[in-house]
Amino acid sequence: MTIAETQKEIINDFALLEGDREMSVMYLMDLGEKLPAFPEEQRIDGNLVKGCQSKVWLVATLRKDRIYFSADSNTAITKGLVSLLIRIFNGHLPDEILDGELFFMNQIGMDRFIGTQRSNGFAAMIQRMKQYAKALKTTSGIQA
Amino acid sequence: MKTAVTAAELDIPSLRKAFPVLHQTVNGHPLVYFDNAATTQKPSAVINALVDYYRGYNANIHRGIHTLAEKATRAFEESRVAAQKFLGAREKEEIIFVRGVTEAINLVAQSLGSILLQPGDEILLSGMEHHSNIVPWQLVAELRGALIKVIPVTESGELDMAAFERSLSVKTKIVSVNHASNSLGTINPIETIIQKAHAVGAKVLIDGAQAAAHLEIDVQKLDCDFYCISGHKMYGPTGVGVLYGKRALLEQMPPYQGGGEMIKEVTFEKTTYNDIPYKFEAGTPNIADVIALKGAFDFINGLGKEAIRAHENKLLQYAVTRLTSVKGIRLIGTARDKVSVQSFLLEGIHPFDVGQLLDARGIAVRTGHHCTQPLMDRFGIDGTVRASFAVYNTEAEIDRLLEGLTRINSLHR
């Protein structure tokens, strides 16, 4: 599935909640709980995303030229947010992630139910993922 | 049969009508505003005072000879007298308008610090101070080679008074503590602190940010050297506060900022400063908000602190009783003597998540460290959920909070 297709899927999922704020937040928290367990040895300050009010640990690995992220957070909503990004970006080539445009946030009305502070943190997570993509692109030797 | 009450009971439903912001729905639910320790809502009288000034007599104050300037100046100085009475100061010249408690503490730290502190001198703070009563002292301590010492906090959230007494010595030059804690609600025994600090020759500043809307304040009786309040935490506008200082000290202290208003005569060779309070009010002040602040003093005086306290105590007791029944709850701050603030944690759910879920049900609380990181470290936590009540809050609203928390517990397990 492309980065755009996954986003459309997310938009459809959230549409079922009909903009109910409480249900949207609960749904996000549930999504976060479904993330695979984060490796304990990776829970280090160096893996923290800067700019998040909550703690978010984020790491990326490269397998057969494709990037796979794992993440954790000390707050359930933030963990849900990062799980959306992982769902969108996982298994893609570094260039796809670098070029990938994110449009689902507005369409699911995310600003309304997570607020400005978390939106800033969310932007920091995206930036960190793109940084990983850039770095791993170099190490994988793929030419743009 | 009617039971006797100590203070006249307030008519909360009609009092709420004075607060336009309370009458709205948030996320489809009637707003429950429990973030009063961060900022209270404003009664119409305060809002109208702001509008009236801008619509009717906006002019720069002092030195103006035209009618609008005269009217604005009179209203501004009436606010000073209202602040003097509110704090129980001897003279109106001891009242300095500032942006808020943060600026008041920075002013005292920089100005008093520059004439009082020598290398090795000590500034004594408490372990439950807001960052704004820590960082300004750190800045001046570094500048002057002074040291910061801290009064420890007990498990229930009270100051360890034995440790306080042990910390005092001839080296202690300044003691700066809050009247009531913003995170815990603890009311500190400031009478004792002031008296004991004075006994070793220290000057005392009281951060009254969390006290002004709740507790009786009489700076002469307290005998503190400085007392500061923020307008917006006591039904007044944002961006305005009051610093009270004893005349003798204010006169000795050098100006904090230079500019218009604070001078007597300026030449490039030598400038002489204005008398207090103007020496400390450089530049065009926040005229509108100072004028509207009088509306907040009037509002509180109109209800009476005793009646406010009685209602808020009832709310706090009710909240504590009900919160205690919530599964997995841990109350932070269980001092005997408290203003209407209750911090807590829900087991297994981060405070941010609790706050976000409550907001989805129209309930406004504060989450996080409340600008008291050392205090959070003391309790080994990174933050709390804080519900803080004002005079317009009701038991029915506390029931809504309880419903919200119970729902979070049931859905998130």
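Worth a mention:
- Among the listed pairs B:Lys85/B:Lys173; B:Lys42/B:Lys85; B:Lys92/B:Lys171; B:Lys71/B:Lys279; A:Lys79/A:Lys130; B:Lys71/B:Lys221, those beyond 26 Å (Cα-Cα): B:Lys85/B:Lys173; B:Lys92/B:Lys171; B:Lys71/B:Lys221
- The heavy atoms of B:Phe97 present about 20 square angstrom of accessible area, all protein chains included, probe 1.4 Å.
- Segment B:45-115: translational diffusion in µm²/s, Stokes-Einstein, Kirkwood Rh over Cα pairs, 37 °C, 0.692 mPa s: 233
- Modelled label positions at B:Leu402 and A:Asp20, each set 7 Å beyond Cα in the direction of Cβ, lie 2.5 nm from each other.
- In order along segment B:281-291, the Karplus-derived 3J(HN,Hα) couplings, from 6.51 cos²θ - 1.76 cosθ + 1.60 at θ = phi - 60°, round to 10, 5, x, 5, x, 7, 4, 4, 6, 4, 4 Hz, and Gly and Pro are given as x.
- Shielding score for B:356-367, defined as the mean number of other chain Cβ atoms within 10 Å: 3
- Cross-link reach list, aspartates and glutamates versus B:Lys314, counting only Cα pairs under 12 Å and skipping chain neighbours closer than eight places: B:Glu9, B:Glu395
- Taking each DSSP H run with n ≥ 4 as -39500 (n - 2.57) and averaging over every residue of chain B yields -12000 deg cm²/dmol at 222 nm.
- Note on chain A: with a GNM built from Cα contacts shorter than 10 Å, the maximum mean-square fluctuation among A:Gly46, A:Gly80, A:Gly100 falls on A:Gly46.
- Rounded to whole Hz, the Karplus (6.51, -1.76, 1.60) HN-Hα couplings of segment B:361-376, x for glycine and proline: 9, x, 9, 9, 10, 10, 10, x, 8, 6, 6, 9, 4, x, 5, 4
- For segment B:47-302, relative contact order (Cα pairs under 8 Å, six or more residues apart, normalised by length) works out to 24 percent.
- Gaussian network model of chain B, Cα within-10 Å springs - most flexible of B:Ala59, B:Ala146, B:Ala82: B:Ala59
- Descending principal axes extents, chain B, alpha-carbon based, whole Å: 73, 55, 43
- Candidates B:Lys294, B:Lys221, B:Lys171, ranked by Gaussian network fluctuation over chain B, Cα under 10 Å, top entry: B:Lys221
- Convex hull volume per residue, computed on the Cα atoms of segment A:3-138, equals 99 Å³.
- Rg over Rh for the protein assembly as shown works out to 1.02, both radii taken from alpha-carbon positions and Rh defined as the Kirkwood radius.
- Shielding of A:19-27 by partner chains, average beta-carbon count, 10 Å: 5
- When Rg and Dmax are taken over the Cα atoms of segment B:292-358, they come to 15.7, 45 Å.
- Distance from the alpha carbon centroid of segment B:336-413 to that of segment A:1-63 works out to 25 angstrom.
- Protein-only accessible surface at a 1.4 angstrom probe places the residues B:Met161, A:Met129, A:Met23 in the order A:Met23, B:Met161, A:Met129, largest first.
- Label-point gap, in nm, between B:Thr284 and B:Ser114 - each point 7 angstrom along Cα→Cβ: 2.6
- Our coupling estimate for segment A:36-50, obtained by passing each phi through the Karplus curve with A = 6.51, B = -1.76, C = 1.60 and θ = phi - 60°, is x, 4, 8, x, 4, 5, 8, 7, 10, 4, x, 9, 6, 7, 6 Hz, Gly and Pro reported as x.
The values are calculated or read from the model by the stated rules, or taken from the named source; none is laboratory data. Bear in mind that the values here come from a model prediction, so they are computed numbers and not experimental data. Here the Cβ is made from the backbone with ideal geometry for all residues, glycine too, and neighbour counts use every protein chain on show. Note: accessible area is taken over every heavy atom of the protein model, side chains too, but ligands, DNA and RNA are not part of it. Shrake-Rupley method; radii C 1.70, N 1.55, O 1.52, S 1.80 Å.
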